[in-house]
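The values are calculated or read from the model by the stated rules, or taken from the named source; none is laboratory data. Here the structure is a predicted model, which means the values were calculated and not measured. Note that we place each Cβ from the backbone using ideal geometry, even for glycine, and neighbour counts take in every protein chain shown. Side chains included, ligands, DNA and RNA excluded: accessible areas come from the protein's heavy atoms. Shrake-Rupley method; radii C 1.70, N 1.55, O 1.52, S 1.80 Å.
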Amino acid sequence: MPGSLTVVGTGIRFGVHLTPEARAAILRADRVLHLVSDPVAKQWLETLRPDAQSLHMLYAPGKERATTYLEMVEAILEPVRAGYEVCAAFYGHAGVFVTPSHEAIRRAKAAGYPAMMLPGISAEDCLFADLGLDPGATGCQSYEATDFLVTGRPVDPGALLILWQAGVVGERSHVFETDPERLAQLRDRLLELYPEDHEAIVYEASPYPVGDPIVLRTPLASLGDAGVTPASTLVVPPRRRPLPDAKVGDRLRLPPR
């Protein structure tokens, strides 16, 4: 029988964010591989599938993340090629900041195997809920922090700005501590766009069914002292509300704002 691949997200809070669709895929598969957030989440997943295999052992301090990701892709595809129905489960949404999931699906499809991804609850979903932010109110800019810093991405100060992986900005390997000098470079870039006293939010969603997220509010100038960790996301609220174009508003017959 030909193999197949289904990639699922386990959500952020283990045990309560897993969708019925993803749960069915995990239970149905011949082989289950996973990459979840911590040992407790691993134990929970293994209550569903005691035979599930973790991909976490492929990480190593100082090892290039790109190398680790390619090894994960190969570990996922090996049982697919052997004819098994494989489910690969990743923390959060399997398609958000998960390079191996996309590459495994791409390679599986290129080789003629059925492959698909099922959605999950992401860190962004939790962020909007925990911080009470509506991306529809001002618009939302969402960048990976290193990419944002290296490419000089344009920023609209009137829209919400989210910088993912801010705690590992500039890092290419698996790290356990934030580099203060690299974080300072990110802070200095933001101070070109916002005043020193502009509030930023250091955020980390809670992975536990019972527990609060980490929410630390700080002036941008004090970002280095705000407790940023490798798991932190940086949220910068709008500096000002953009002014509407009165002529466009008239053409759309909108009331004055």
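Yes/no matrix, rows are residues, columns are (1) part of a loop (DSSP other than H, G, I, E, B); (2) more than 24 Å from E171 (Cβ to Cβ); (3) acidic (D, E):
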| position | (1), (2), (3) |
| --- | --- |
| V16 | yes, yes, no |
| E21 | no, yes, yes |
| L70 | no, no, no |
| V80 | no, yes, no |
| F97 | yes, no, no |
| R107 | no, yes, no |
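Within the set of pairs 6 or more residues apart or between chains, which connect a residue that is on the phi < 0 side of the Ramachandran plot inside the range 214-231 to a residue that is among the aliphatic types (A, V, I, L, M) and open to solvent by 40 Å² or more (accessible area, probe 1.4 Å) with Cβ atoms less than 7 Å apart?
If the second residue must be among the aliphatic types (A, V, I, L, M) and open to solvent by 40 Å² or more (accessible area, probe 1.4 Å), the pairs left are L220/L191; A221/L191; A226/L216.
Just the residues that are open to solvent by 40 Å² or more (accessible area, probe 1.4 Å) and of a type in the set (S, T, Y), please, taken from the range 20-58.
The answer is S37, T47.
Can you pull out every residue in the range 59-108 that is open to solvent by 60 Å² or more (accessible area, probe 1.4 Å) and of a type in the set (V, I, T)?
Of everything in the range 59-108, those that are open to solvent by 60 Å² or more (accessible area, probe 1.4 Å) and of a type in the set (V, I, T) turn out to be T67, V96, T99.
Just checking: which of the strands (runs of 3 or more DSSP E) contained wholly in the range 147-248 hold 1 or more residues that are modelled with pLDDT of 95 or more and farther than 28 Å from Y91 by Cα?
Output list reads 199-204, 214-219.
Of the conditions (1) more than 20 Å from the chain's Cα centre (by Cα); (2) open to solvent by less than 50 Å² (accessible area, probe 1.4 Å); (3) polar (S, T, N, Q), S232 clears all except one; give me its number.
S232 satisfies every listed condition except (1).
What are the pairs, 6+ residues apart or on separate chains, where a residue within the range 59-70 that is touching a residue at least 24 places away in the same chain (Cβ under 8 Å) has its Cβ under 9 Å from a residue that is among the polar types (S, T, N, Q) and open to solvent by 50 Å² or more (accessible area, probe 1.4 Å)?
R65/T99; A66/T99; Y69/T99
Yes/no per residue for (1) in contact (Cβ under 8 Å) with a residue 24 or more places away in the chain; (2) surrounded by fewer than 17 Cβ atoms within 10 Å (Cβ to Cβ):
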| residue | (1), (2) |
| --- | --- |
| D134 | no, yes |
| A137 | no, yes |
| Q141 | no, no |
| T151 | no, yes |
| A159 | yes, no |
| I162 | yes, no |
| Q165 | yes, no |
| G170 | yes, yes |
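Go through (1) of a type in the set (A, V, I, L, M); (2) touching a Phe, Trp or Tyr at 6+ places or on another chain (Cβ under 6 Å); (3) within 29 Å of A129 (Cβ to Cβ) one by one and return the number of the condition I105 breaks.
(2)
Looking at the structure I just gave you, is E78 acidic (D, E), at pLDDT 95 or above, closer than 18 Å to Q53 by Cα and in contact with a Ser or Thr (Cβ under 8 Å, 6 or more places away or on another chain)?
no
So which residues in the range 109-132 are in contact with a helix residue (DSSP H, G or I) (Cβ under 9 Å, 6 or more places away or on another chain), modelled with pLDDT of 95 or more, open to solvent by 50 Å² or more (accessible area, probe 1.4 Å) and part of a loop (DSSP other than H, G, I, E, B), if there are any at all?
Passing the criteria: A111, Y113, P114.
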